[in-house]
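*Asks:* Please read through the structure below; I'll follow up with questions.
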Amino acid sequence: MTVITQAPPNGTPTWVDLGIPDHRRAMEFYGAVFGWEFGEEGPPETGNYTMCLVQGKPVAALMKNSDPDATDFWWNMYFATDDCDGAAKRITDAGGQIPMAPMDVMEQGRMAIAVDPAGGQFGLWEARVHIGAQVVNEPGAMVWNELVTAKADAARDFYTAVFDFTLEPMAGFDYTVLHRPDQRPIGGIQGEPSAPKSAWLTYFDVADTDATLQRATAAGATVTLPAQDTPFGRMAGLRDPFGAEFRIIESAQQS
């Protein structure tokens with residue numbers, strides 16, 4: 001198990017959460033799919049923010065969407081930063097937007113919501129008490145994140161400017177791996193001309209992709225990408241009962 005005990009370096013995807021109309025229905029669904037257990041529900045003023053746990057450690061969170069008229073839902077991914085306000089300024093300087101300005105989340109940390117010039121939304125998280133996901137690269141936990149966009153060039157320029165990423169193009173198709181300054185790969189940008197919108201997609205590690213697909217569809221999911229083998233592991237795409245997309249992968253390291 002990859003256990004995280006301190007806030008990760010700047011630019012690392014550190015947390016994901018999902019706001020949906022019925023967080024308890026979502027708990028039933030994701031509990032069935034990933035075997036998640038759940039922490040104590042937060043109070044109504046937090047949208048009943050509830051931690052999703054793997055072996056007792058937080059890996060993600062579910063909450064009730066604050067907009068009763070919302071019809072579009074997605075997993076929101078947060079990049080780690082040790083200076084939320086400074087990162088927000090770099091975002092606007094690079095052509096992005098900050099629809100939710102930096103704000104303190106009690107004693108847990110400081111956050112902001114941003115949108116890149118290609119239209120992809122993401123968050124910033126400056127850790128205090130809450131350091132982000134405490135388990136990664138393990139079944140039920142986040143293992144990868146990638147931006148799917150029709151405006152890959154603009155996205156590449158933006159993320160290198162904001163987080164000082166270096167780029168590793170992959171041969172054969174429009175996919176770029178993002179590396180932190182220490183050269184660790186942290187995610188990717190997939191150029192997809194037909195993408196209807198730009199969006200970050202989170203991959204969750206699973207022990208068995210096909211078995212997870214069966215559990216997910218039985219629990220109400222829709223398959224958006226049939227199971228397929230890749231050099232990195234067997235993967236598939238899903239949409240949960242609320243329409244939020246995510247991906248699963250049985251990483252090659254497990255095989």
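*Asks:* Share of the chain's accessible area from carbon and sulfur, percent, 1.4 Å?
*Replies:* Details: 5940 of 11580 Å².
The value for the chain is 51 percent carbon and sulfur by accessible area.
*Asks:* Moving on to the next point. Counting alpha carbon pairs within less than 8 Å and at least 6 residues apart, what relative contact order, in whole percent, applies to the chain?
*Replies:* Details: 607 pairs, mean separation 47.7, N = 255.
Value for the chain: 19 percent.
*Asks:* When the Kirkwood hydrodynamic radius is evaluated over all pairs of different C-alpha atoms of segment 1-142, what value in angstrom, to one decimal, is obtained?
*Replies:* Details: mean 1/r = 0.0640 Å⁻¹.
It works out to 15.6 Å.
*Asks:* Lysine pairs in the chain with alpha-carbon atoms under 28 Å apart, 8 or more places apart or on different chains: how many are there? Mind dumping the intermediate values first?
*Replies:* Values: Lys64/Lys197; Lys89/Lys151; Lys89/Lys197; Lys151/Lys197.
Lysine pairs meeting both conditions in the chain amount to 4.
*Asks:* Let me ask something else about it. Calculate for the chain the 222 nm mean residue ellipticity that helices alone would give, adding -39,500 (n - 2.57) per DSSP H run of length 4 or more and normalising by residue count, nearest 500 deg cm²/dmol.
*Replies:* Value at 222 nm, helices only: -5000 deg cm²/dmol.
*Asks:* Pulled fully out, how much extra length does the chain show between Asp67 and Gln183, if you take 0.36 nm times their separation in residues and subtract their Cα-Cα distance?
*Replies:* Numbers: separation 116, 0.36 × 116 = 41.76 nm, distance 3.93 nm.
Taking 0.36 nm per residue and subtracting the Cα distance, the gain is 37.8 nm.
*Asks:* Cut-off 10 angstrom, C-alpha nodes, Gaussian network model of the chain. Which of Pro117, Pro99, Pro21 fluctuates the most?
*Replies:* Pro99
*Asks:* Ok, one more. Per 10 Å bin, what percent of the C-alpha pairs of segment 107-255 does each bin hold, from zero upward?
*Replies:* 10, 36, 38, 15, 0
*Asks:* Rounded to two decimal places and with Rh computed the Kirkwood way over Cα pairs, what is Rg over Rh for segment 190-235? If you can, show how the numbers build up before the last one.
*Replies:* On the way: Rg = 12.5 Å, Rh = 12.5 Å.
My calculation of the ratio gives 1.00.
*Asks:* For the chain, would you read off the P(r) tail past 29 Å as a percentage of all alpha carbon pairs?
*Replies:* Values: 8138 of 32385 pairs.
The calculated P(r) of the chain puts 25 percent of pairs beyond 29 Å.
*Asks:* How much of the DSSP bridge set in segment 16-168 is antiparallel, in percent, rounded to the nearest 5?
*Replies:* Working: 22 of 29 bridges.
Expressed as a percentage, antiparallel bridges in segment 16-168 total about 75.
*Asks:* Also, I was wondering about something else. Rounded to a whole number of µm²/s, how large is the Stokes-Einstein D of segment 55-125 at 10 °C and 1.306 mPa s, given Rh as the Kirkwood radius over C-alpha pairs?
*Replies:* Working: Rh = 13.5 Å.
The diffusion coefficient I find is 118 µm²/s.
*Asks:* Still on this structure, please answer the following. Looking only at Ala118, Ala70, Ala216, which one moves most when the chain is put into a Gaussian network model with springs between Cα atoms under 10 Å?
*Replies:* The residue with the greatest mean-square fluctuation here is Ala70.
*Asks:* For the charge dipole of the chain, defined by +1 on Lys and Arg C-beta atoms and -1 on Asp and Glu C-beta atoms about the Cα centroid, which residue among Tyr159, Pro44, Leu213 has the Cα displaced farthest towards the positive pole?
*Replies:* Leu213
*Asks:* Hey, can you find the accessible area per residue of the chain for me, probe 1.4 Å, expressed in square angstrom?
*Replies:* Averaged over the residues of the chain, the accessible area is 45 Å².
*Asks:* About the Cα centre, and with charges only on the beta carbon of Lys, Arg (+1) and Asp, Glu (-1), how big is the dipole of the chain? Nearest 20 debye, please. Could the numbers behind the result be given before it?
*Replies:* Working: 17 positive and 34 negative charges, 36 e Å.
Dipole of the chain, to the nearest 20 debye: 180 debye.
*Asks:* What's log10 of I(q)/I(0) for segment 149-232 at q = 0.26 Å⁻¹, Debye sum over Cα points only, no solvent?
*Replies:* -1.29
The values are calculated or read from the model by the stated rules, or taken from the named source; none is laboratory data. Quick caveat, the model's predicted, so the values are computed rather than measured. When we count neighbours, we look across all protein chains shown, and the Cβ atoms used for this are built from the backbone with ideal geometry, even at glycine. The area values use the complete protein model at the heavy-atom level, side chains included, leaving out ligands, DNA and RNA. Shrake-Rupley method; radii C 1.70, N 1.55, O 1.52, S 1.80 Å.
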